[in-house]
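Right, one structure below, let's go through it.
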Amino acid sequence: MWTMDDDQTPPEPARLERLVGQADKMVEAGRLSADEAGRLKAAPDPGRAEAVLRDVRARHAGERLDVAVAEGAMTRAEADEVLERVRGGEHSRKLRSHLAQFRPRMRSKDKSGPASADPGVGEGRPA
């Protein structure tokens, strides 16, 4: 079974500030939901903003893990274990690389929530 390494990305205040400033554009691009953008903008400190980003990463990871399970690349139990680790704050380069191979199908922007499978915040790409 695939495991994560210890290469964790620490929160950077300048990065968080940039993400907050670009939250509306990220909603338009389908990388954040309107609720996530509101929570990110309202976060009073970097620690709370990082918690919002952790939730976004978990949502993105969950979408990709669902694809992995559907394709038979991992079991639901394995996917659930990875998702719990993401929810716990793990955000390693190895994890992002592993999840990148499982892209959910594109959705139309008419539906609620993000419109694309763009890894965005959840996968460490700059906004």
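A few points about this structure:
- Between Leu32 and Val27, the built amide H atoms are under 5 Å apart, and every one of these is 5 or more places off in sequence or on another chain.
- As a proxy for reagent exposure, ranking Glu90, Glu12, Glu78 by other Cβ atoms within 10 Å from fewest up yields Glu12, Glu78, Glu90.
- Peptide ranges 15-28, 46-59 listed from the most packed, as the mean C-beta count within 10 angstrom indicates: 46-59, 15-28
- At 0.890 mPa s and 25 °C, Stokes diffusion of segment 13-103 via Kirkwood alpha-carbon radius, µm² per second: 177 µm²/s
Bear in mind these aren't lab numbers, they're just calculated from the coordinates by the rules spelled out. Predicted, not measured: the structure shown is a model, and the values here were computed from it. Positions of Cβ are generated from backbone atoms using ideal geometry, with glycine treated the same way; all protein chains shown enter the neighbour counts.
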